[in-house]
Structures are given as structure tokens and as C-alpha cells.
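Mind looking over this structure? Questions follow.
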Amino acid sequence: MPTIKDVARKAGVAPITASRVINDTGYVSESTRQRVRAAIEALGYVPNRVARSLRSKQTHTLALVLTDITNPFWTTVARGVEDIANGAGFSVILCNTDESESKEYSYVQVLLQKQVDGFLLVPAHGASRSVDLILKQRVPLVILDRSVNAAVDTVCSDSEGGAYELTRHLLALGHRRIAMLSGPRDVSTSVDRVAGYRRALAEAGVPVNERLIIYHAFTREGGYAMTTQVMALMPPPTALFAANNFIAIGAFGALREAGKRVPEDVALVGFDDLPPTFMTDPFLTVAAQRVYELAQEATGLLLRRLAGEAPPEPQAIVLPTDLIVRRSSELRIGNG
């Protein structure tokens, strides 16, 4: 592998001059700079980032720890993070935890050993050992989408407000038996979306039926299982609120298998929008999160924290959601 000395020899300059060109430090004439760059190109020289990071105490890498990269929501988040990080000269290491706290903790340990400059983390649970470990190491951290029991920077969507608006939409159509198909009980987004659902029912004077609030995983399988369970109730719900996009896909599959039409027999709404490749007919009414913007805000906040430009106190950025009404909830029904 070519070294900086090889580059200097081929360019006919001193190693310190080659180093200045490679690291873009100090004055070097344009003609000399071009000779060094030509030597780098000819030799296929790759700078030793490890050695540079030992000197600067920065690796110019960020860690992005997500819960389910197969979900298009998180794919969009990853793209947003990478775009902003790359523009600032940082690389991104992506880890997928499958909502596993132990897997998350193992990844965090490895990433700390690799001396990443900062973390963007979606915690599997509210009480996170990973967060505690990162904070003890004094590594900058931004929590994405969810919240934890710690004083730390967070960037999330207004889950409670979005759920409130979706439930109000169903109530305005005449629905009174609305089932809430939630994610895990100990995840903040589940807690917030159930809270928004409860608030809308309370304001409308509709008693909360605890049998219509069910918790499961944020997966298609979870959506299918919860839908099968609530549709067996007597009387069954007239509307389903899926707490994320994958739950909605699972719910739609269970309804179709049971011979139920959407929205003629059951209305279906969901939190998180779906890309066109995931769309089913009828198209889904959703509380859409501003996913790319969320990723940009979180990455920008982390970069400001690394540069010492963020306020000393933890920041909490909450983005609004957008109610998008489509055919899955278009029919009105009589009260009852």
C-alpha cells in the first residue's frame, strides 16, 4: 500500500508538503498541489484515517442505530442522515437492532470502541442502558423519534397530536367503536399515540373501551394479530387506528382475509405514510410524519453539538404531523 513518503517521492516534494496537500493545511503553491494530487492519483494512495483520528481525536464517523431498516420510514431516515452527514464530511455507520435492547447495547459497545464521534439512536425501550452508557462516555447523542428517561437531545414528531387528529377524523365520520392497534407498551411513541386517541374520545364524550386498545409489535405480524383479535369482539369495531405503517399493512391483510371491505365494512387509518410501492387499494388515511426533515434536524443538531455550537442544555425538537385523508376512511356512518 502506498505511503505518504511514496507520494512525496513521486511528486518531488518533501513529505511535510505532501501532508499539507493531503490534509489541506498550510500554504502550498498551486503547481505543487497539482503535482501531489497527480502522484496520489497515479499511486492510488488512500490517507490513513486512523492515524489522523488519533491526532485530531475525531474519526468523522457518526453512528445511526435504528430499530427496523426494512420499514420504509427508517429507510428514509437513514437517507436523510447520510445526506446531511456526508455534506459535512462525516461517514455514517448503520446498525439495525430489530427492537432488541440486548442487540442495541452490543452495537453501542462496539461503536464506542470504534470511537465514533456521535450517536443518532432510536432506543428499543424508554429505560435504555445504551443511553446511560453513551452519556457516561461523554459522547454526543441525539435520540430520534422516541424519548427516554434521560436529559438528552431529542428530535421527534408530535405523536400525541397526530393521533388526536386521526381519531377526531374518525369521530367526525360517525365512528364510536374505534380500535387502537398500538405498538409495545414501553415505547414512547406507543404511549403518546394512545394518549392522543384517548384525548380525542374524551373531548367527544365517547367512553374509552379498554378492550379496544391492544398492544403488540410495530410489525405486519403485530397488525394482523391485533386485527384478528379486535374483529372477534361483539360488536366489532367500525374503525381501526393502526399505530404505524407496518401495523396498518398487517391490519389490511387480516381484514381482507376475513372478507371485510375497507372502508365499506371497516374504516382503517394509520400513523406514518407509505411509499407508492407499499400502497394498497384503497389508499390509506394517515398522520404523515415529516421523515426526511426529522432526519435532517437530528443530524444537524448532532453536528452542532460536535462543533460546540448547540446550547449547553438538552434540546427537544418536535415536528408537526400532516393529516392526509384518503379512501380508507371516506364513508360516513350513523352514530352508535
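How big is the gap, in Å, between the Cα center of region 71-150 and the Cα center of region 310-335?
If you average the Cα positions of each part, the centres end up 24 Å apart.
What number, in percent, do you get for the relative contact order of region 67-136 if the mean sequence gap of Cα pairs under 8 Å and at least 6 apart is divided by its residue count?
Dividing the mean separation by the residue count of region 67-136 yields 32 percent.
On the full set of protein chains, 1.4 Å probe, figure out the accessible area of Lys260 and give it in Å² to the nearest 10.
That residue has around 90 Å² of solvent-accessible surface.
Here's something else I'd like to know. Taking the Cα atoms only, what angle lies between the long axis of helix 245-257 and the longest principal axis of the chain, rounded to 10 degrees?
Result, in degrees: 40.
Next question. Residues with beta-carbon under 15 Å from that of Ala200, excluding Ala200: net charge, scoring Lys, Arg +1 and Asp, Glu -1?
Charge balance near Ala200 sits at +1.
At a 1.4 Å probe radius, which order do Ile178, Ile4 fall into by accessible area, largest first?
So the residues, ranked largest to smallest area, are Ile4, Ile178.
Please give the helix 188-203 orientation as an angle from the longest Cα principal axis of the chain, in degrees from 0 to 90, rounded to the nearest 10.
That works out to roughly 30 degrees.
Please report how many Lys pairs in the chain have alpha carbons closer than 24 angstrom, counting only residues at least 8 apart along the chain or sitting on separate chains.
For the chain, the number of qualifying lysine pairs is 6.
With axes computed from alpha carbons, what is the tilt in degrees of helix 30-43 against the longest principal axis of the chain, rounded to the nearest 10 within 0 to 90?
Taking Cα atoms only, the helix is inclined about 70 degrees.
Moving to a separate point now. Say we join alpha carbon atoms closer than 10 Å with springs in a Gaussian network model of the chain; which of Ala172, Ala124, Ala225 then has the biggest fluctuation?
Most flexible of the set in this elastic network: Ala172.
Oh, and also: From the phi of every residue in region 226-233, what ³J(HN,Hα) in whole Hz does the Karplus formula 6.51 cos²θ - 1.76 cosθ + 1.60 yield, where θ is phi - 60° and glycine or proline is x?
Once rounded to whole Hz, the list reads 5, 5, 4, 5, 6, 6, 7, 5.
Counting helices only, and only those DSSP H runs with n ≥ 4, report the 222 nm mean residue ellipticity of the chain as the sum of -39,500 (n - 2.57) divided by its residues, in deg cm²/dmol to the nearest 500.
Mean residue ellipticity at 222 nm (helix-derived): -13500 deg cm²/dmol.
The values are calculated or read from the model by the stated rules, or taken from the named source; none is laboratory data. Bear in mind the structure is a predicted one, so any value in this text is a computation, not a measurement. For neighbour counting, all protein chains shown are included, and Cβ atoms are generated from backbone atoms with ideal geometry for every residue, glycine included. Remember, those area values only see protein heavy atoms, side chains included, never the ligands or the DNA or RNA. Shrake-Rupley method; radii C 1.70, N 1.55, O 1.52, S 1.80 Å.
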